Amino acid sequence: MLRVYVDGQEGTTGLMIRERLIARQSAENDLKIMTIDPEKRRDEAERKRFLNEADIVFLCLPDAAAIEAVGMIENENTRVIDASTAHRTNASWAYGLPELSADHRKKIESSKRVSVPGCFATGFNALVYPLVLNGLLPADYPLSCHAVTGYSGGGKKLIETYENEGRDAALNSPCFYRLSLTHKHLPEMTAVSGLKHPPLFTPIISDFYKGMTVAVPLHVKQNNLKLKTDGLREFYLNHYAGQNFIKVITDLNDAGLYSGDYLPATNCNDTNRLEILIFGNEEQALLIARLDNLGKGSSGAAVQCMNIMTGADEKMGLIA
């Protein structure tokens with residue numbers, strides 16, 4: 001029976017991971033969730049004991065604290081799944097998006113250190129990595145990425161801000177943010193997809209709890225790109241064939257469009273599914289990934305990685 005410890009279980013991601021683990025524990029009875037005394041969760045000696053006694057540790061901590069926690073592990077058996085930004089571009093860590101390639105999946109299977117991708121980066125890399133890998137998109141293409149997310153991705157403090165009855169009326173409308181164009185997901189978006197330059201990334205936060213769309217526009221004709229809209233759908237179908245959690249929408253009647261022309265961000269909520277949708281014409285294409293930012297974008301991906309690392313069915317405890 002696996003001993004599993006969530007370090008930082010009080011945060012949004014930690015709570016969601018623990019919720020999925022409890023559901024799995026009830027159904028499969030193949031793991032024991034280790035629970036630290038709340039009064040001792042900041043006690044370094046007690047945390048160190050838990051970190052070293054667990055078979056699997058989930059880190060749901062700020063970057064500096066995650067790095068510190070890894071340094072407290074003194075044995076060769078504890079396997080770590082880090083939900084922070086700290087290790088996502090570290091080549092010695094596996095990047096926790098197994099659907100990208102057979103090599104990504106194999107590294108997760110064998111690694112003792114796995115970094116869970118960021119929610120925006122999950123959508124972006126699912127769209128861009130295969131194109132660059134196969135030479136369909138130049139690594140120096142001047143990419144833009146526009147994304148819409150629910151406010152839960154900002155963590156407990158932002159959730160409290162949005163759910164405060166006396167909040168600022170400005171939050172009633174969608175808001176661009178990270179206007180410095182320095183979002184923390186940019187390094188992994190660039191490195192994992194093999195780009196020479198970061199995309200121009202413009203995230204928008206809106207007044208709904210969770211759900212996300214990540215959009216990448218392409219000037220197909222102007223830049224002589226090899227695949228048009230229909231060809232792109234076929235390409236993604238082939239690349240992600242056989243994957244449990246990535247679905248390429250080929251019939252737009254299945255896209256959940258509102259009034260035929262409005263794409264909601266919430267259709268994958270409460271699942272570990274990522275949907276790929278392609279829109280456009282002969283001159284331009286719009287690639288969209290839709291996912292639950294708290295599911296495939298964080299806690300669901302973390303549990304999926306644990307399943308792969310331990311040789312379990314990767315769908316265990318998750319909804320496709």
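Please tell me the relative contact order of segment 1-120 in percent, rounded to the nearest whole number, where contacts are Cα pairs under 8 Å and at least six residues apart.
Normalised by residue count, the contact order of segment 1-120 is 22 percent.
Give the lysines whose C-alpha is closer than 19 Å to that of Lys196, dropping any in the same chain fewer than 8 places away, or say none.
Reachable lysines: Lys184.
Where the only charges are on Cβ atoms (+1 Lys, Arg; -1 Asp, Glu), what is the dipole of segment 58-197 about its Cα centre, to the nearest 20 debye? Please list the in-between numbers first.
Details: 13 positive and 14 negative charges, 51 e Å.
It works out to roughly 240 debye.
Taking the Cα centre of segment 119-293 as origin, sum charge times position over the Cβ atoms of Lys and Arg (+1) and Asp and Glu (-1), and report the length of that vector in debye to the nearest 20. Write out the running numbers ahead of the final one.
Values: 14 positive and 17 negative charges, 101 e Å.
Computed charge dipole of segment 119-293: roughly 480 debye.
Count the DSSP beta bridges whose two residues both fall in the chain, then state the antiparallel fraction as a percent rounded to the nearest 5.
So the antiparallel bridges amount to about 45 percent of the total.
Using Cα positions and a limit of under 22 Å, work out the lysines in reach of Lys247, with same-chain residues fewer than 8 apart set aside.
Within the straight-line cut-off, Lys247 pairs with Lys106, Lys210, Lys228, Lys296, Lys315.
Rank-order 188-196, 289-297, 243-251, 64-72 by packing density, defined as the average count of other C-beta atoms within 10 Å over each peptide's residues, highest first.
Numbers: 188-196: 19.8, 289-297: 28.7, 243-251: 17.7, 64-72: 15.9.
Listed from highest to lowest mean packing, they are 289-297, 188-196, 243-251, 64-72.
Rounding to the nearest 20 debye, state how big the charge dipole of the chain is about its Cα centre with +1 on each Lys and Arg Cβ and -1 on each Asp and Glu Cβ.
Dipole size: approximately 480 debye.
Antiparallel versus total DSSP beta bridges in segment 119-293: what percent is that, nearest 5?
Antiparallel bridges make up about 70 percent of those DSSP assigns within segment 119-293.
Under 19 Å Cα to Cα from Lys40, which aspartates and glutamates show up? Leave out anything in the same chain fewer than 8 places away.
Once the sequence-local aspartates and glutamates are set aside, what remains near Lys40 is Asp7, Glu10, Glu53, Glu68.
Given His183, Tyr95, Ala289, which one lies farthest toward the positive end of the charge dipole of the chain, if we put +1 on the Cβ of every Lys and Arg and -1 on the Cβ of every Asp and Glu?
Tyr95
Tell me, what is the percent relative contact order of segment 247-320, built from C-alpha pairs under 8 Å that lie six or more residues apart? Before the final figure, lay out each step's value.
Details: 101 pairs, mean separation 19.6, N = 74.
Normalised by residue count, the contact order of segment 247-320 is 27 percent.
Quick one: compute the contact order of the chain, relative version, from alpha carbon pairs under 8 angstrom and 6+ residues apart, as a percent.
Here the relative contact order equals 19 percent.
Laboratory data are not the source of any read-out in this text; all were calculated from the coordinates shown. Nothing here was measured: the structure is a model prediction, and the numbers come from that model. Methodologically, a virtual Cβ is constructed for each residue, glycine included, from the backbone with ideal geometry; neighbour enumeration extends over all protein chains shown.
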